[in-house]
Amino acid sequence: MNILVLGGAGYIGSHTVYELIDKGHEVVIIDNLETGHKEAVHKKARFYEGDIRDRAFVDYVLDNEKVDAVIHFAANSLVGESMVDPLKYYDNNLCGTKVLLESMIAHDVKKIVFSSTAATYGEPERIPILEEDKTEPTNTYGETKLSMEKMFKWTDRAHGLKYVSLRYFNACGAHKSGMIGEAHKQETHLIPLILQVPLKQREAITIFGEDYDTKDGTCIRDYIHVTDLAQAHILAVEYLMKGNDSNIFNLGNGIGFTVKEVIDTARKVTKEEIKAVVSKRRAGDPAKLIASSDKAKTILGWKPEHADLEEIIADAWRWHKAHPQGFQSI
Ligand code: UDP
């Protein structure tokens, strides 16, 4: 297939491109490199640097390339930043998607897989979370992703543009090759921050609150290997190419780990002490987020292959140890 990947130089996007190329697909990438990295672009992909809010640019790419389906990762995704600068998120995430959809319709490209998030649910009413559960985001990031899902829904009704929305839980780990991994200019995620301690880039990891109603008082999350997420995107494209209807799927392992358990596992993997200090809660953090991914397993035939937290952290550690400054180390 010919797949256009928007945001293919970013963390999850670049891993998906590697898996697509591995399976013999033709890949075209659009990325504005605001948060993505040129070094993460697969050598066999055709790369267009530009912004999806620019209609002429998106038209140019779709005029030039034969595209069967689009996978859309091009969005801002920092919860904290989205609360300080909400309009940036509305502009990039929603205006960008609107322009993209207009261009896709004009070019008769009618299939899209889209990265959504567990943040669309907000504070869950039950665990594990099912796709039909209440969606009440507690931050602008989640709100814009939910609005994107709704934009797809109404565009499907009017134009028959079929979509799959994949609501990820906590993406982590790195490609087995060691070529690509997580490298955010502004790091906010737990596992890369923990690994900065044995890399001597940070004195200690801060635990955001130990007064939650969980077994050790720290938040519980569902950590999912980035390669397993990548595989789900390919299955979702295949699902759409078979003529199936639009759909929404959770992607997680269905197992929760506390922040303290993640730190302990990192200590085991790195064989380093890893100092931890407790501070107050981070605003907007739900106590517990665990996915039910039964729907993705049943309908897409998805099966996480790297669910073991030790393996996830070992893959991340291999990447960070070899690239302590991220892609700048290359
Ligand atoms: N967390 C933490 N210290 C950090 C970063 C994160 O205790 O320096 C906690 C955070 O409160 C959450 C979990 O780790 O409970 C995962 O946070 P992350 O930002 O990685 O992902 P999120 O669940 O917010 O998408």
Worksheet item: List pairs: first in the stretch 209-224 and closer than 21 Å to L166 by Cβ and basic (K, R), second part of a strand (DSSP E or B) and near the ligand (Cβ under 9 Å from one of its atoms), Cβ under 7 Å, 6+ apart or cross-chain?
Response: R221/N170
Response to the item:
Picked from the stretch 1-24 (must be without any contact (Cβ under 8 Å) to a residue 40 or more places away in the chain and closer than 18 Å to Q231 by Cβ), the residue most open to solvent (accessible area, probe 1.4 Å) is D22
Item to complete: Look at the stretch 293-314 and say how many of its residues are within 26 Å of I263 (Cα to Cα) and open to solvent by less than 80 Å² (accessible area, probe 1.4 Å).
Response: 10
Worksheet item: Is it true that E149 is outside any helix (DSSP H, G or I) and in contact with a helix residue (DSSP H, G or I) (Cβ under 9 Å, 6 or more places away or on another chain)?
Response: no
Discussion item. I'm trying to understand the selection: among the residues of the stretch 295-314, which are part of a helix (DSSP H, G or I), in contact (Cβ under 8 Å) with a residue 40 or more places away in the chain and farther than 29 Å from T270 by Cβ?
Written reply: K295, A296, I299, L300
Item to complete: Search the stretch 315-330 for residues being part of a helix (DSSP H, G or I) and surrounded by 18 or more Cβ atoms within 10 Å (Cβ to Cβ), and hand back the single one that is modelled with the lowest pLDDT.
Response: G326
Practice prompt. Being open to solvent by 60 Å² or more (accessible area, probe 1.4 Å) and more than 12 Å from the ligand (Cβ to nearest atom) is the filter; apply it to the stretch 179-210 and report the residue that is nearest to V269 (Cα to Cα).
Written response: K200
Worksheet item: Among all residue pairs at least 6 apart or on different chains, which show Cβ distances below 8 Å where the first residue, located in the stretch 270-284, is under 16 Å from T258 (Cα atoms) and the second is among the aromatic types (F, W, Y) and part of a loop (DSSP other than H, G, I, E, B)?
Response: R281/Y212
Practice prompt. Could you identify the single residue in A106, A56 that is over 20 Å from W154 (Cβ atoms) and away from the ligand (no atom under 16 Å from the Cβ)?
Written response: A56
Worksheet item: Any chance the stretch 266-281 includes a residue that's among the polar types (S, T, N, Q) and over 28 Å from I127 (Cα atoms)?
Response: yes
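Select, from K23, K38, the only residue that is more than 15 Å from the chain's Cα centre (by Cα), closer than 20 Å to E182 by Cα and of a type in the set (K, R).
Of K23, K38, the one residue that is more than 15 Å from the chain's Cα centre (by Cα), closer than 20 Å to E182 by Cα and of a type in the set (K, R) is K38.
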Worksheet item: Which pairs have Cβ atoms under 6 Å, sit 6 or more apart or on different chains, and link a residue in the stretch 96-108 that is more than 22 Å from S77 (Cβ to Cβ) to one that is assigned to a helix (DSSP H, G or I) and not charged (D, E, K, R)?
Response: S103/V58; S103/L62; I105/H159; H107/L62
Worksheet item: Only one of S147, S82 is out of contact with any Gly (no Cβ under 7 Å at 6 or more places or on another chain), open to solvent by less than 30 Å² (accessible area, probe 1.4 Å) and farther than 26 Å from M1 by Cβ; which?
Response: S82
Item to complete: Output the residue which, of all residues in the stretch 162-178 that are assigned to a loop (DSSP other than H, G, I, E, B) and buried (at least 21 other Cβ atoms within 10 Å of the Cβ), is farthest from the ligand (Cβ to nearest atom).
Response: A174
Worksheet item: Out of (1) within 20 Å of L4 (Cβ to Cβ); (2) surrounded by fewer than 17 Cβ atoms within 10 Å (Cβ to Cβ); (3) among the basic types (K, R), what's the single condition that is false for K111?
Response: (2)
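Does Y18 fit the bill of being part of a helix (DSSP H, G or I), over 16 Å from the mean Cα position of the chain (by Cα) and hydroxyl-bearing (S, T, Y)?
no
The values are calculated or read from the model by the stated rules, or taken from the named source; none is laboratory data. Since we're looking at a predicted model, the values are computed, not measured. A quick note on method: Cβ atoms are made from the backbone with ideal geometry, for glycine too, and the neighbour counts reach across all protein chains shown. In case anyone asks, the SASA skips ligands and DNA or RNA and just uses the protein heavy atoms, side chains included. Shrake-Rupley method; radii C 1.70, N 1.55, O 1.52, S 1.80 Å.
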